[in-house]
There are 2 protein chains.
Amino acid sequence: MAIGRPSPSSSQTPDPGAARRTSRARGIPEATVARLPLYLRALTALSERSVPTVSSEELAAAAGVNSAKLRKDFSYLGSYGTRGVGYDVEYLVYQISRELGLTQDWPVVIVGIGNLGHALANYGGFASRGFRVAALLDADPNVVGSTAAGLPVRHMDELEDIVVSQHVSIGVITTPPGAAQLVCDRLVEAGVTSILNFAPTVLTVPDGVDVRKVDLSIELQILAFHEQRKAGDEPAGDSVLDRAPGPVRAAAAKLRRAAGGGKSAEPAKNAPAAKGPEDDLSAVMPA
Amino acid sequence: MAIGRPSPSSSQTPDPGAARRTSRARGIPEATVARLPLYLRALTALSERSVPTVSSEELAAAAGVNSAKLRKDFSYLGSYGTRGVGYDVEYLVYQISRELGLTQDWPVVIVGIGNLGHALANYGGFASRGFRVAALLDADPNVVGSTAAGLPVRHMDELEDIVVSQHVSIGVITTPPGAAQLVCDRLVEAGVTSILNFAPTVLTVPDGVDVRKVDLSIELQILAFHEQRKAGDEPAGDSVLDRAPGPVRAAAAKLRRAAGGGKSAEPAKNAPAAKGPEDDLSAVMPA
DNA sequence: TAGATTGTTAATCGATTAACAATC
DNA sequence: TAGATTGTTAATCGATTAACAATC
């Protein structure tokens, strides 16, 4: 069946369900799907203030997108607006909720109850919007038996039973990176078909399983990239010198030559790398 | 100075720094920038195993992308590979680190030391890779003075002093949604130009400030969307009936008519919505 | 030299945007 | 009817991908 690709932020085998680009089945583009929760949040806020209708312009501002994009997005759902008037808030809340599958109940397991698992278990937006924490799981006997967010932490051994008996199809992984793939395999084997991964690892899953990942470290690195550009806002330095300190570059070039070796048809992977200059490199690297 | 747009996952005013599409300054596309941390992580693992060189095919597999994409990505950085051989691991680690700005130190403040703030403060990947927690801040007097990850939690009042004196340019917001915009404003006013937002709110920032957001609830909703499609995998139902229960649709249509009103040139926003049918709608909605 | 693998080209695909006709 | 605002079109832009010439 293969849903469209698991989204830009998802990681998987080198490109699995690459078959259907748009997330098909009434053909809503992935980019649109990713924005629907944003619209829904803005609409919910309007609903709570009992605002009856809203224009694309107003709603777009509230959601932080431009109105053309919003109207295009909504056009994939159907014609739910009224020309000259706008959109009925309650009706749209319902339509988007239904489209996202939030009119049904989604039991979720959280595996790995460390700091982050705790935080997620307590997260309010979890319980609302159709998601229900079916169980908290951990491998550490010291953690098992304690409670988090009013729920008992249960042992990993119960994973399969819980997934099957409670019909869990969504799993959240908040384990250390080393345990993530194993936990993932067990979840998938037991029947989970959607995984939200907080561990900084690439997960490999079979076709038909969606993985999305949340990665603090990656987000920070992307910010650092832009931040760096802001600081030195020269015309856009492209001299050789500003690309790497001279000595480092020289050492690296040497390294490459050494690695390249020569005659061997064997990929240089097996050529013993000239160790030494690397210390220079790692000296400028963060631990 | 307007960096390229803050990325798909960033939220801001309806489209601020829309000027430069690719993240300019040697023109690395946003999509490529977002993948560099992935490559870096895979390369670091290889480096720790003392693997000297790696082919695009191998590295792509480790990073969870396809090799064509990886080679294209690397081509924006320069020609760092060797035909017939592959890439020198150490050299590439250095080049990507430098490109991402990780060869310098980035002091970061975390505002809002609840469960999530705690989790982040303790996050290992934080301290490594050039990021350093400069301070933990909270508004709650009961939290201020406690320690998290070995650091004292300081009061919000100190925000400006800390940002200025420690040259903090990156702020992480883990406050409740209601406080996020205010905290954001203070951070920006004090000189922060990059924000990582964990609060489920759209933040408005001036031009030149980047915002990225991490939103558990949105990720889950995207998974639910795909999950829903998997369950009922009919040819792709598009009868009117499967789009909404009859009564709901009827009630909604009525609502829309009522809202549309008629003569008034005023947007129907001000027309008193016919309350009543909405209860039907909210009944099927998650709280 | 023969084999391997990069770096680049060009085709394709998906997403964004402005503009405006349709229509409430 | 006049004004407002949607839904859609078409142009543009950015990202992905396969293929292959360059070259180690």
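Read-outs: derived from the displayed coordinates by stated rules, not from any lab. Just so you know, these numbers come straight off a predicted model, no measurement behind them. Please note: Cβ atoms are built from the backbone with ideal geometry, for glycine as well, and neighbour counts cover all protein chains shown.
Assorted remarks:
- Residues A:Thr53, B:Thr204, A:Thr32 in ascending order of nearby Cβ atoms (within 10 Å, fewest first): B:Thr204, A:Thr32, A:Thr53.
- Segment B:His155-B:Ala45, length gained on full extension (0.36 nm per residue, minus Cα span): 35.7 nm
- D by Stokes-Einstein for segment B:106-219, Kirkwood Rh over Cα pairs, 37 °C, 0.692 mPa s: 237 µm²/s.
- Taking amide H atoms as placed 1.01 Å from N in the peptide plane, the amide H of B:Gly81 has no partner under 5 Å among residues 5 or more positions away or on other chains.
- Backbone amide hydrogens, once placed in the peptide plane, bring A:Ser55 within less than 5 Å of A:Tyr87, excluding anything fewer than 5 places away on its chain.
- Pairwise Cα separations in segment A:166-234 fall into 10 Å bins from 0 onward with the following percentages, short to long: 20, 40, 19, 13, 7, 1.
- Stretching the chain fully between A:Asn142 and A:Arg83 yields a gain of 15.2 nm (0.36 nm per residue, less the alpha carbon separation).
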